[in-house]
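Encoded as structure tokens, the structure appears first; notes follow it.
The values are calculated or read from the model by the stated rules, or taken from the named source; none is laboratory data. Since this is a predicted model, take the numbers as computed values, not measurements. No Cβ is skipped: glycine too gets one built from the backbone with ideal geometry, and neighbour counts run over all protein chains shown.
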Amino acid sequence: MSDLEERGRNRLAWAKAHMDVLAAIRRSLVRRKPLRGLRVGMALHVEAKTGVLALTLRDAGAKVRLASCNPLSTDDSVVAALRADGLETFAKKGETEKQYDEYLHKVLDLRPHIVIDDGADLIYRLHTNRREVLPDVIGGNEETTTGVLRVRAMERAGQLAFPVISVNDAHMKYLFDNRYGTGQSVIDGLLTATNLLLAGKRFVVAGYGWCGRGIATRARGMGAHVVVTEVDPVRAIEAKLDGFEVMTMEQAARDADFIITATGDKEVVTAKDLRLVKDGCVLANAGHFNVEVSMRDLERLAARKRRVREYVDEYALRGGKKVYVIGEGRLVNLAAGQGHPVEIMDMSFSIQALCTELLAKSGKAMPPRVHPVPRELDEKVARLKLRAMGIEIDALSAAQKEYLQSWTEGT
Ligand code: ADE
């Protein structure tokens, strides 16, 4: 066995050993094999926790093919271990955009019945140049905010050809993955890449959605002075009352030591901001696509560019300032870090596993719309997680339940 494969096996084993909720679901899936005879195509960040999910679905009876949903998020050791285990995996850290596209097509060549996507690039291809695969597709799951936005846009345009479950919108996903997962893994990626101190630094977070909230809170916990930029007036007030400074990017950029984007939109940091930032500013992105920091503007303003550390590019701007970009403006937590903590992905991927079973059972009867995760599945994962944590909670008495349903019993 190669050193790479051994490292991957160890990482898979470590992740599996800490994914208690998925382990409980897995036991039932392996016994019943509800995915027998089904082909499952996956495009997720190919790292250890994803490997555990893919193997779980295979052991539940499916034929599985896996590709990456981002050219820079792959853990090559996990790829080596999965391939050695017979799982068809198409991913390489630093793959070109062309390879990225080829690998997604390899997944679609399987003619999947179920697709599991993160960012909707697989779903997008199914609806454009791979439409011949559509007749075999029962349904799909979408993992992330950006992917759900894209799939909802397809639905609005009357284009969505099969049911898609918005896994991202399950409570047991976004409340923990987007907030605590992104919060911790972004700090992990930043520190791994830079080895710089956060305490006392001005740390700008663009976007105060669940991911931005997590990043801002964790950065404050590390002693940084956190500034939030927002476009939504309600979220801006929430950030202010959570104790953060709130201002425009133009105001924030001038003194920023770090700028982290987490908006899901494009052109959040552009030439006008890059002209203002101070020498040494570190830029990173936590959103799904590499469009939040305008890499085009950066290339245009730069006289020279060189790689100064693994994952860190120095842009020497005309006029003398230097700025640093982590992971080519791609997801910092996966390009330079290890992705979300294992226990967080345990909850997200438990939802994925249960929704895959749901599609296998009922997908053919579901209309081609975006479907929420059923409340029972959310609650099942929550109860399994509580059990794994050894926490008991109270239950409502019959009288309390009745009180909540009544409009006469006010006093
Ligand atoms: N690991 C696997 N998928 C991930 C995701 N979407 N975000 C962070 N870490 C991950």
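Within segment 365-411, the residues that satisfy the criterion of being surrounded by 10 or more Cβ atoms within 10 Å (Cβ to Cβ) and either in a loop (DSSP other than H, G, I, E, B) or touching a His at 6+ places or on another chain (Cβ under 6 Å) (or both) are M366, P368, R369, P372, V373, P374, D378, L396, E409.
When residues in segment 191-209 are screened for being buried (at least 22 other Cβ atoms within 10 Å of the Cβ) and either touching a Leu at 6+ places or on another chain (Cβ under 9 Å) or in a strand (DSSP E or B) (or both), 4 of them pass.
When Y180 is tested against (1) touching a residue at least 40 places away in the same chain (Cβ under 8 Å); (2) among the aromatic types (F, W, Y); (3) within 17 Å of M249 (Cβ to Cβ), just one condition goes unmet, and that condition is (3).
Among the candidates L53, L57, L72, L35, the residue that is within 16 Å of the ligand (Cβ to nearest atom), of a type outside the set (G, A, S) and part of a loop (DSSP other than H, G, I, E, B) is uniquely L72. Residues that are assigned to a loop (DSSP other than H, G, I, E, B) and over 19 Å from S185 (Cα atoms) within segment 212-240 comprise E230, V231, D232, listed in sequence order. Taken as a whole, the structure places G280 among residues that are within 19 Å of T192 (Cβ to Cβ) and not in a strand (DSSP E or B).
A single member of S350, S397, S406 is more than 23 Å from A262 (Cβ to Cβ) and within 16 Å of the ligand (Cβ to nearest atom), and it is S350. Residues considered: V164, V133. Of these, the only one that is modelled with pLDDT of 95 or more and buried (at least 24 other Cβ atoms within 10 Å of the Cβ) is V164. For first residues located in segment 326-338 and closer than 18 Å to K92 by Cβ, partners that are more than 13 Å from the ligand (Cβ to nearest atom) and basic (K, R) and lie 6+ apart or on another chain with Cβ distances below 9 Å form the pairs A335/K93. If the condition is being assigned to a helix (DSSP H, G or I), surrounded by fewer than 23 Cβ atoms within 10 Å (Cβ to Cβ) and within 16 Å of the ligand (Cβ to nearest atom), then segment 297-342 contributes only V342.
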